[in-house]
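Undergrad: Below you'll find the structure I mean.
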Amino acid sequence: MEAVGTVLAGTASTPGAADLVTRHSIAESRHALRILLAEDNPVNQQVATAMLLKRGHQVDVVGNGREAVDAVGQESYDLVLMDIQMPEMDGFEATEQIRALPQGRTLPIIALTAHALSGERERCLARGMTGYLAKPFKAHDLFAVVEGRGTQPADAAAAPAPAVDLAAFRRTMAEAGAAEAVDGILETFVATLPQRLEALAAAARGTDAEPLQRAAHAFKSAAGTIGASHLAALLEETERAALGGDVAGARDKVEHIQGEAQVVLDYIRTATKGGADA
């Protein structure tokens, strides 16, 4: 793709030229970027840094969102690779603070997330990020996002996922010979949803991480069982934050969980009322 692009660009700018295009000439002509990598996992740091350095880019590495905000405030970067799950300050909050800086308003920020779910890209864009890349990623996907040739192909090609994958849930129950139990299970989920939300909110009002972790875990299990993947992912983030002692970080996610829970509730009511499971 780079070779074709180079040939076409050369034809447009210097008609009649017959320069030889090689992998070396492409590498020499590639624009080197200064990239900030915000990632707390040492292995992931090494993988991404090795790929980007080999590509000819310069990489600075920080281990949490707070350090990312400080780095952007002190240095000039072409792009930020921002992990979502980090200690002290997560990627969403760091992005919000970077956007408040004069040099951060238009800075490309690519989300790095372990949740390869349809809808995750839209969630990251809604929080102020420029693009999205699911981990573990391949080198060509990383280069495509960093060098502006588009977002992760697999994500871009994915069809929008429903709030609840009822079709998959029904198949699972049918394979177990219990297809007739699906409607009752969904009714139970809908009936207990307000209590689960209240338990989560009550735990978030406290200062102890354990009740918040327990409430998020129980809710996550129920959401994952029926196929509400996005809701389950949000609850997993909350559970992890609470397990790590980050009560404030876990508390900040409760509002997003409440909004997604309402989407799930509306979807189940509409799907079961209309007899659809798409």
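The values are calculated or read from the model by the stated rules, or taken from the named source; none is laboratory data. Computed from a predicted structure; not experimentally measured. Cβ atoms come from the backbone with ideal geometry, glycine included; neighbour counts cover every protein chain shown. Areas reflect the complete protein model, heavy atoms only, side chains present, ligands, DNA and RNA absent. Shrake-Rupley method; radii C 1.70, N 1.55, O 1.52, S 1.80 Å.
Undergrad: Could you tell me how many of the residues in the stretch 174-183 are modelled with pLDDT of 90 or more and open to solvent by less than 40 Å² (accessible area, probe 1.4 Å)?
TA: Of the residues in that region, 1 qualify.
Undergrad: Any idea how many residues of the stretch 45-104 are open to solvent by 10 Å² or more (accessible area, probe 1.4 Å), assigned to a helix (DSSP H, G or I) and not hydrophobic (A, V, I, L, M, F, W, C)?
TA: Of the residues in the stretch 45-104, 15 are open to solvent by 10 Å² or more (accessible area, probe 1.4 Å), assigned to a helix (DSSP H, G or I) and not hydrophobic (A, V, I, L, M, F, W, C).
Undergrad: Cβ contacts < 7 Å: first residue over 23 Å from VAL43 (Cβ atoms), restricted to the stretch 122-143; second residue assigned to a helix (DSSP H, G or I) and open to solvent by 30 Å² or more (accessible area, probe 1.4 Å), any location; separation 6+ or different chain. Result?
TA: GLY128/GLU96; GLY128/ARG99
Undergrad: Additional query: When you look at THR238, is it at pLDDT 90 or above and open to solvent by less than 60 Å² (accessible area, probe 1.4 Å), yes or no?
TA: yes
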